[in-house]
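To start, the structure itself, in structure tokens.
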Amino acid sequence: MSEERFGEFVLVRRHGDGHVAELALDRPKAMNAVSTAMARSITAACAALGEDRDVRVVVLTSTHERAFCVGADLKERNSFSDADLLRQRPVTRGAYTAVLELPVPTVAAVHGFALGGGFELALSCDVIVADRTAVVGLPEVSVGVIPGGGGTQLLPRRVGAARAAELVFTARRVEAAEARELGLVDQLVDDGRDREEALELASRMAANSPVGLRAAKRALRLGHGLDLRAGLEVEDAAWRSVAFSGDRAEGVAAFNEKRAPRWPGE
């Protein structure tokens, strides 16, 4: 396993053959509260991972024992003028967008608190694995703002408009069992097992064609919310991008020869 640090607060680990990358939030003294500096580091790490053709899946984790991420750094913001806040906005927004727009499948490993921007980072991933200590929520209206890292758009896409409205308007925190029941998280695992289970899931994903994974994610993301006819056009375009690839040829050959594929990744 290799490690690379992006700024002070983000650590990237590449596991095994490098096909699974772990983006670890590593600001333990602040329970991973997203400061301006941390937002820049998340954006930089995602840019590097997105350009790395060896990376097939990214897992978003936390090094803090009791929190995934508690959201925006309100201590930092308390010192801001209105002009400071306005200048920070594209920086923080860029971090959430960078996770959301990673071109490979993404898995969030959540334990403890995942609140506000912390939960929005998880919502920006394709799959959320949570352990039974997880507490999630979007409490922004309780401090006079709204979810600004994608929460008002991503949450209703998961749980429907009315459920999302109830959660956002009440600002309530949701514990793990209810979060799984409501669809706020996708898999619920034993205490302390979120990272291991997420990495295992990522490894199963990463065994598949890197060309296929990127195209499938593109079709899923771009087609969501479109009418069926338009969505099928998105799917067809993604299919055409892989149909004549080396991965497709290798996948068919490996199937017929009853062996594991050796993906060329092109």
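So here's what we get for this one:
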| item | result |
| --- | --- |
| Highest-fluctuation residue, 130, 122, 98 considered, GNM on the chain with Cα pairs under 10 Å | 98 |
| Mean-position separation - Cα centroids, the range 6-82 and the range 126-199, in angstrom | 19 Å |
| Degrees between helix 82-100 axis and first principal axis of the chain (Cα, 0 to 90, nearest 10) | 30 degrees |
| Antiparallel DSSP beta bridges within the chain, percent to nearest 5 | 35 percent |
| Heavy-atom SASA rank of 5, 214 (probe 1.4 Å, accessible area, largest first) | 5, 214 |
| Label-point separation, residue 232 to residue 89 (7 Å along Cα→Cβ), nm | 4.1 nm |
| Sequence-separation-based contact order of the chain, relative, with Cα cut under 8 Å and 6+ spacing, percent | 15 percent |
| Net length gained if the chain between residue 146 and residue 255 were fully extended (0.36 nm per residue, minus Cα distance) | 34.2 nm |
| Degrees, to the nearest 10: 36-51 long Cα axis against longest axis of the chain | 10 degrees |
| Solvent exposure ordering (accessible area, 1.4 Å, most first) of 70, 174 | 70, 174 |
| Top of 247, 190, 84 by mean-square fluctuation, Gaussian network on the chain, Cα under 10 Å | 84 |
| Net dipole in debye of the chain [+1 Lys, Arg Cβ; -1 Asp, Glu Cβ; about Cα centre; nearest 20] | 300 debye |
| Residue-averaged 222 nm ellipticity for the chain, from DSSP H runs of 4+ at -39500 (n - 2.57), nearest 500 | -14500 deg cm²/dmol |
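The values are calculated or read from the model by the stated rules, or taken from the named source; none is laboratory data. This structure is a prediction, so every number in the text was calculated from the model and none was measured. Neighbour counts are summed over all protein chains in view; Cβ atoms, including those assigned to glycine, are modelled from backbone coordinates with ideal geometry. These area figures cover heavy atoms from the full protein model, side chains too; ligands, DNA and RNA do not enter into them. Shrake-Rupley method; radii C 1.70, N 1.55, O 1.52, S 1.80 Å.
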